[in-house]
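Below is one structure; the comments refer to it alone.
Read the figures in this text as sums done on the coordinates, not as results from a lab. Bear in mind the structure is a predicted one, so any value in this text is a computation, not a measurement. Using ideal geometry, Cβ is built from the backbone for each residue, glycine included, and neighbour counts are taken over all protein chains shown.
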Amino acid sequence: MKQLRLLLFSFCLLFAASSVARAHQIDAVEFEFQADDKEWRLLGEMDIAFMLPEMRSIPGEAPLSRKATMEAPPEKLERMRKETENTLRKILKFTFADKDVPWTISFPDFEKQPFELPDDAGDTALLSVKIIAKVQPGPGSLKVHWTDDQNSEFIAVNDEAGESVVTARSGSSVIMLTVDEAEKVEPAKTSVTDWVISGFHHVLPLGLDHLAFILGLFLLRPKWKPLAIQSLLFTIAHSLTLALAVLGYVNVPGKPVEIFIAASIAWIGIENILFRDPGRFRYIIVFLFGLVHGLGFASVLGEKLVGVPKQNQIVPLLGFNVGVELAQITVLGAAFLLLLGVRKWGWQAVGSGIIASFGLCWVIERVFFSA
């Protein structure tokens, strides 16, 4: 009865804070680069919430709802448009032959009658963006300077520079969109290390659902042998579906996947409380849940690989997966260190109750409160 009260208390506490337990913002800004004799163009979509100053600096903050945003009053929409432009102008700069290039920005969604944002399976409020700069005379290379102080990415699908995709990371990165042959400078490339960092970052600190699942595995039996078996099965399973989905052999809509991921977290927490030792059934469940989590990872990685030919996706796929595994090992290692010497069932039941509560909150939200 005491454990049941702890579980109910944890659920009520976390349900009140369920706004934290949502999908996180999209911190990658992706454009298609186009060029002709008169102008350079960048066309893309971005997460509105990540552009708003009051939301983008909060790690793990949830995105805005597409449905709710389209129903917002005109003055609120206008503020979103202005803040998006202001943020972009602070962190984005173009140079040609080492001289600043002026650019204009427009938002095609605001020109639609009635106003409508791009479709998104996860109900994330995305905004279409069009950036134009006039072609500059003389020799030189068009460069993008990405100076965001958040952990974000600028991605450009660009065939002209000799690469399908070029990426700038947070900090003060410079990438080339056009290359002057006279300069004999290789275009920026996305290295294996970049993809490893991207995979790690997807779990730590933003992957709340994945973190909850891994900690749920840890809480049942915090011993190396059974945990290593579960972790290995989970890794094999999500690596398999991640590869199949990214390479285009499997295609599952995003919303059902997100609901099943949330349900898997709730199940693991509840199972930890009801069954001290589920036996081999636990291993089967972990493998099946791993298959679903791999599809969730694929939706994130797939957004970063738009425009990349299949034959060039192996390195990003491997790097991203290694980053995810490193983050997973980091979480388990930290859990062992923090709880070293503590083996009482009480804290395991409370922790499992909290994880089950998170999972149930996610299920409710993703079933009833997302499009």
task = Identify the residues of segment 100-133 with backbone N under 11 Å of a label point that sits 7 angstrom from the Cα of E85 along the Cα-to-Cβ direction, or state none.
result = 104-107
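Residue separation times 0.36 nm, minus the C-alpha to C-alpha distance between L247 and E32: what's the value?
Details: separation 215, 0.36 × 215 = 77.40 nm, distance 2.07 nm.
Gain in length upon complete extension: 75.3 nm.
Measure up K76/K130; K76/K134; K93/K134; K130/K255; K38/K82; K99/K134 against 23 Å on the Cα-Cα distance and list the ones that go over.
Working: K76/K130 21 Å; K76/K134 31 Å; K93/K134 14 Å; K130/K255 28 Å; K38/K82 27 Å; K99/K134 13 Å.
From K76/K130; K76/K134; K93/K134; K130/K255; K38/K82; K99/K134, over 23 Å: K76/K134; K130/K255; K38/K82.
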query = Rounded if a/c is under 1.5, else prolate if a/b beats b/c, else oblate: with a ≥ b ≥ c from the C-alpha gyration tensor eigenvalues square-rooted, which is segment 42-127?
reply = prolate
remark   = With R₀ set to 30 angstrom, the calculated FRET efficiency between the beta-carbons of I284 and V192, to the nearest 0.05, is 0.35
task = Just flag the trypsin sites (Lys or Arg not before Pro) in segment 204-312 sitting in loop per DSSP whose Cβ has no more than 16 other Cβ atoms within 10 Å.
result = K223, R276
